[in-house]
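The values are calculated or read from the model by the stated rules, or taken from the named source; none is laboratory data. Note that this is a predicted model, so its numbers are computed, not measured. Positions of Cβ are backbone-derived with ideal geometry, glycine not excepted, and every protein chain shown enters the neighbour counts. Ligands, DNA and RNA are stripped out before the accessible areas are found, and what is left, the full protein with its side chains, is counted by its heavy atoms. Shrake-Rupley method; radii C 1.70, N 1.55, O 1.52, S 1.80 Å.
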Amino acid sequence: MPTYTLNVNGVNRTVDVPDAGMPLLWVLRDFLGFTGAKYGCGIEVCGACTVIVDNQREHSCKVDVSSVVGKKIVTVEGLSGDVDGAKAQAAWIANQVPQCGFCQPGMLTATTAAMKAGHHGKEIAPEVKHICVCGTYPRINKAMTGL
Amino acid sequence: MDDLATAPQGPTRRDVLKSVGAAFVLPFAISISPRSAEAAAPVQIGAFIRIDETNTVTLSIGSSEMGQGIMTGLAQLVAEQLQINWSQMRAEHAVGGAGAGNPYANPLFHAQITGGSTSMMGWYTPMRTAAATVRDMLIAGAARQTNTTGWRLGTAGTVTNGTLTLTFADVAATAASITGLPAPVLATTTKFVGQRMQRLDIPAKVNGSAIYGMDVQVPGMVFASVVHCPTLGGTVAATPAKPNRAGVLGVVNLDTAVAVIANNTWTAIKAARDLEGTITWLRPSDTTRMDSATLAATAQSLLTSDSATAFVAEAVGTPTMAGAVKTLDQTYRLPFLAHACMEVMNCTASVTADRCEIWAPTQGQEFIIPAAAAACGLTNDKVILHTTYLGGGFGRKIEVDYVVQAVRCSRQLGVPVKLIWSREQDFQNDKFRPSALIRVQAGLDASNNVTSVIYRNVSPSIKLQRGPSSVTNPEDTGAVAGAKGLPYSFTARRIEHVALPTDIPLGYWRSVGESYNTFAVESAMDELAKLANINPLTFRRDRLADPRAKAVLTAVETLSSWKNTPPTGYQRGVAFLKGFGSYIAMVAEVGKTTAGTIKVAKIYVAVDCGVVINPDQVEAQMQGGIAHGLAAAMWHQATFVAGVPQVRNFSNYPYLKLQSMPTVSIKLVASAAAPGGVGETSVPVVAPAVANAWAKLTNTRLRSLPFYPGTTMGGL
Ligand code: FES
Ligand code: FES
């Protein structure tokens, strides 16, 4: 059982995992109690599992836990502590974006990562190719215009 | 509710809607324990409302919050009667119930089910009545507690007698024991009702704290992944050995599937993959009734079979094409569909010798409780069901299959189990929206009146599949929803349904029967308008007498600038629906992509859903339903080869992306009528509006859905 120390939302956490190839998603959800990142497809299509690793968006369903040691991991639970993340959350509330809400952690983390990469306003949408089965797209598009 | 006795997985929704039985009785069934006035614990007043020491008012709802905003909508009704501040208002799911005396059963059909866009229809008056009763109890409680008179409602969660003002929290304990009040007078103010109140669930849904079924954590729980037989209807021949992998705790034979239990989800998923291909299954010997090509051929033959075999859902006069001046005879095709809830099927269960506790994303509490009780040999009252937020439902989470699996795993293992399907298992083990092959024959007279309509829908019957096997003609009114009772002035009509025999598991999908019939009806109406050489919007409006129906068409005519020439390269198509207690008219503005495929640029909607509780949430449902309906119209189909479902993941079941979402303009048509449904109304009209615009643009009529079958994402 390999042991890793992960920095999640600014806090170091040490965790024993079954193998080095365990996806970050399940480490976050089952071992560390961060259930904000969601399982949606497991094949990097839906985007529900997106987290931010060293300012880049990553599909946590496909990121091996061993590859993120020493990096800064931010989940939706940590967005309020980030300038861009907090802005995105405020825009989501102002535009009353979520319906079921299940896709929104991924939408929010990917939006925040796009902002960190220098994208703003209408440039963000092409960076976020996620699925929202509820169809909140019009409101996400609107929320992004102010970011 | 006669179906409840016969259908193991529940009544058909449309039938449930019809069985509005005894008058609603205000359900104060939950026992109220008297508390001392000093107690700091929250006080429950009746079944729905709790007041805590900070003067926060918490509403417990029986409806499931799956994205449609029902928690907020019902809370607005309560806040209006109590005249509190919105910041004092909270809402949560009530504990699940089933059977007689459940205060959380939808008063419309006396079952705790969320579906058919009925929550607001069912609760609008009962919830306001319940809240007004609590208001009167609080007022009476203040009088009793202070032994004074002249009390009335104050502001911000207070009661006052002019000199003394007390908070709800101050008087709640006394209020809870007040009985014998006269029927309350309902406040008709509009401080909350009709206002764009912010959703109560949104803060938790943007900071990650909202708990969905998948997020439930119970001390000591273990994790399960499942492998179903790849062929539908197959069963486990022999329980396989536990995979030899660290962390695997056991396997459970679930008859139609095997669950692998491990000490974390990832290990369970990997162990389930180890098992795939090694399990010996008893596959059904005949899979022809679960094969798309075979089913299509059978449907084709039933399209022209003798009427004696059909369920005649509606017969007015004697429709005949013989004397018609112009006639239409066309066939429309719609595929099986998957639900693809963003949150896959999952459930957490903790079963002990005398108790079964469940945490589930469910729209079907009514069915879960008896099913879980039966699965662990307990009585219904020993089942404690917690409803979590649902990551989408769309009709799929009214089923009990995934819940029973978790219950059985926990029972066998003796510890709490969180069971999660993989996305592949979720797509392949759906309860699929029935396919439909629909023939429409219609005749016009010299004045372009629609004198005769003969409509035949050949479609698998959910009611037949779930009913007793002795019934061969199920009279499935759900299968003709959206075709039966059309408000158009057809002089003579016959609406028939022929059940297509299939063993593919069927289920209710967002907008039920209307999801297929409206495509045929509204495409045919356009084709008739063309035969008559009349503007299709006018053609419809002139054949409708109901002023609400006419009004939504006129509203969308204005909203879409229908009378003005569309932008170069674009054309507009219209569709109309009276359904779910509401009226909707939609116009799609459609052009071509550079590849020559469908490009939907704009959608205009006019909707009359009766009294609007929250305009912002009606608009959200319109937007969401359009995105849902458009993805289905463009790309979605579930196909089957010899009983094996072919859709495996979102990679061959695509959805829109942010950039492909058309612009949506919405007009809410003011109405004083009772609230109608909004969650499903916009879905059925999308495909015909787009097909009608495309026909105008290209002179090519698309009569088969999806427009772009296969995995290539043509269009948009
Ligand atoms: S779960 Fe990772 S992209 Fe869908
Ligand atoms: S809000 Fe439900 S999937 Fe996006």
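What are the residues in region B:284-337 that are among the hydroxyl-bearing types (Ser, Thr, Tyr) and under 30 Å from B:Leu444 (Cβ atoms), if any? Can you show your working first?
First pass over region B:284-337, keeping only residues among the hydroxyl-bearing types (Ser, Thr, Tyr): B:285, B:287-288, B:292, B:294, B:298, B:301, B:304-305, B:307, B:309, B:318, B:320, B:327, B:331-332.
Selection gives B:Ser301, B:Thr304, B:Ser305, B:Ser307, B:Thr309, B:Thr318, B:Thr320, B:Thr327, B:Thr331, B:Tyr332.
Need a quick list: helices (runs of 4 or more DSSP H) entirely within region B:380-484 having at least 3 residues that are open to solvent by 10 Å² or more (accessible area, probe 1.4 Å) and away from chain A (no Cβ under 14 Å). Working first, answer last.
Working: elements: B:401-413, B:423-428, B:462-466.
By residue number, B:401-413, B:462-466.
Quick check on region A:21-40: of everything there that is in contact (Cβ under 8 Å) with a residue 24 or more places away in the chain and within 16 Å of ligand 2 (Cβ to nearest atom), which residue is farthest from B:Trp266 (Cα to Cα)?
Start the filter on region A:21-40 by keeping residues that are in contact (Cβ under 8 Å) with a residue 24 or more places away in the chain, which leaves A:21-25, A:27-28, A:32, A:34, A:36-38, A:40.
Retained after the next criterion (residues that are within 16 Å of ligand 2 (Cβ to nearest atom)): A:36-38, A:40.
Values: A:Gly36: 17, A:Ala37: 15, A:Lys38: 13, A:Gly40: 14 Å.
That would be A:Gly36.
So, of the residues in region A:74-110 that are touching a Phe, Trp or Tyr at 6+ places or on another chain (Cβ under 9 Å) and away from ligand 1 (no atom under 16 Å from the Cβ), which turns out to be farthest from the other protein chains (Cβ to nearest Cβ)? I'd like the intermediate steps shown before the answer.
Filtering region A:74-110 down to residues touching a Phe, Trp or Tyr at 6+ places or on another chain (Cβ under 9 Å) leaves A:75-78, A:98, A:100-102, A:104, A:107-108.
Now drop any that are not away from ligand 1 (no atom under 16 Å from the Cβ), which leaves A:77-78, A:98.
Values: A:Glu77: 4, A:Gly78: 8, A:Pro98: 4 Å.
Ranking the qualifying residues of region A:74-110, first place goes to A:Gly78.
Which one of these is away from chain B (no Cβ under 11 Å) and within 10 Å of the chain's Cα centre (by Cα): A:Ala113, A:Ala37, A:Ala117, A:Ala48? Explain how you work it out, then say what you get.
Working: A:Ala37 fails: away from chain B (no Cβ under 11 Å); A:Ala117 fails: within 10 Å of the chain's Cα centre (by Cα); A:Ala48 fails: away from chain B (no Cβ under 11 Å).
Exactly one residue qualifies, and that residue is A:Ala113.
Condition first: under 23 Å from B:Ala601 (Cα atoms), of a type outside the set (Lys, Arg) and away from ligand 2 (no atom under 11 Å from the Cβ). Now tell me which residues in region A:105-138 satisfy that.
A:Gly121, A:Glu123, A:Ile124, A:Ala125, A:Pro126, A:Glu127, A:Val128, A:Pro138
Which number in (1) touching a strand residue (DSSP E or B) at 6+ places or on another chain (Cβ under 6 Å); (2) within 26 Å of B:Ala632 (Cα to Cα); (3) in contact (Cβ under 8 Å) with a residue 12 or more places away in the chain marks the one condition that A:Val69 misses?
The failed condition is (2).
Please state which one of B:Thr287, B:Thr265 is surrounded by 19 or more Cβ atoms within 10 Å (Cβ to Cβ) and touching a strand residue (DSSP E or B) at 6+ places or on another chain (Cβ under 7 Å). Please lay out each step first, then the result.
Values: B:Thr287 fails: touching a strand residue (DSSP E or B) at 6+ places or on another chain (Cβ under 7 Å).
Answer to the check: B:Thr265.
Looking at (1) away from chain A (no Cβ under 14 Å); (2) part of a helix (DSSP H, G or I), find the lone condition where B:Met71 falls short.
B:Met71 satisfies all of (1) away from chain A (no Cβ under 14 Å); (2) part of a helix (DSSP H, G or I) except (1).
Take the residues of region B:342-379 that are touching a residue at least 24 places away in the same chain (Cβ under 8 Å), outside any strand (DSSP E or B) and open to solvent by 30 Å² or more (accessible area, probe 1.4 Å): which is farthest from ligand 1 (Cβ to nearest atom)?
Once the filter is applied, the top-ranked residue is B:Asp354.
State all residues of region A:85-104 that are surrounded by fewer than 20 Cβ atoms within 10 Å (Cβ to Cβ) and more than 16 Å from ligand 2 (Cβ to nearest atom); if no residue qualifies, say none.
Of everything in region A:85-104, those that are surrounded by fewer than 20 Cβ atoms within 10 Å (Cβ to Cβ) and more than 16 Å from ligand 2 (Cβ to nearest atom) turn out to be A:Ala86, A:Lys87, A:Ala90, A:Ala94.
Look through B:Val440, B:Val415, B:Val407, B:Val383 and report the one residue that is among the β-branched types (Val, Ile, Thr) and within 22 Å of B:Ala105 (Cα to Cα).
Details: B:Val440 fails: within 22 Å of B:Ala105 (Cα to Cα); B:Val415 fails: within 22 Å of B:Ala105 (Cα to Cα); B:Val407 fails: within 22 Å of B:Ala105 (Cα to Cα).
Just a single option satisfies the conditions, and that option is B:Val383.
Could you please find all residues in region B:317-329 being surrounded by 14 or more Cβ atoms within 10 Å (Cβ to Cβ), under 14 Å from B:Tyr455 (Cα atoms) and not polar (S, T, N, Q)?
B:Pro319, B:Met321, B:Leu328
For residues in region B:581-612 being within 30 Å of B:Met197 (Cβ to Cβ) and open to solvent by 10 Å² or more (accessible area, probe 1.4 Å), which is nearest to the other protein chains (Cβ to nearest Cβ)? First the steps, then the outcome.
Within region B:581-612, the subset within 30 Å of B:Met197 (Cβ to Cβ) is B:581-587, B:602-612.
The next check asks that each one be open to solvent by 10 Å² or more (accessible area, probe 1.4 Å); those that pass are B:581, B:583, B:602, B:604, B:611-612.
Working: B:Gly581: 21, B:Tyr583: 21, B:Lys602: 12, B:Tyr604: 13, B:Val611: 20, B:Val612: 15 Å.
Among residues in region B:581-612 that are within 30 Å of B:Met197 (Cβ to Cβ) and open to solvent by 10 Å² or more (accessible area, probe 1.4 Å), the one nearest to the other protein chains (Cβ to nearest Cβ) is B:Lys602.
Given the criteria open to solvent by 10 Å² or more (accessible area, probe 1.4 Å) and in contact (Cβ under 8 Å) with a residue 24 or more places away in the chain, does B:Met121 qualify? Give the steps one after another, and end with the answer.
On the way: open to solvent by 10 Å² or more (accessible area, probe 1.4 Å): yes; in contact (Cβ under 8 Å) with a residue 24 or more places away in the chain: yes.
Criteria met by B:Met121.
Among the residues that make up region B:250-258, is at least one of them at pLDDT 95 or above, closer than 20 Å to B:Ala406 by Cα and within 13 Å of chain A (Cβ to nearest Cβ)?
Among the residues of region B:250-258, not one is at pLDDT 95 or above, closer than 20 Å to B:Ala406 by Cα and within 13 Å of chain A (Cβ to nearest Cβ), which makes the answer no.
Output yes when any residue across region B:95-112 is within 30 Å of B:Val400 (Cα to Cα) and not in a loop (DSSP other than H, G, I, E, B), and no when none is. Show your work before the answer.
We begin by selecting, within region B:95-112, every residue within 30 Å of B:Val400 (Cα to Cα); these are B:95-112.
Add one more test, that the residue is not in a loop (DSSP other than H, G, I, E, B), and what stays is B:106, B:111.
Yes, that holds for at least one residue.
Would you say B:Glu424 is over 26 Å from B:His636 (Cβ atoms) and over 20 Å from the mean Cα position of the chain (by Cα)? Walk me through how you get there before you give the answer.
On the way: over 26 Å from B:His636 (Cβ atoms): no; over 20 Å from the mean Cα position of the chain (by Cα): yes.
It is false that B:Glu424 is over 26 Å from B:His636 (Cβ atoms) and over 20 Å from the mean Cα position of the chain (by Cα).
Can you work out which of the residues in region A:111-147 that are more than 24 Å from B:Asp201 (Cβ to Cβ) and small (Gly, Ala, Ser) is nearest to ligand 1 (Cβ to nearest atom)?
Per the stated criteria, the residue is A:Ala113.
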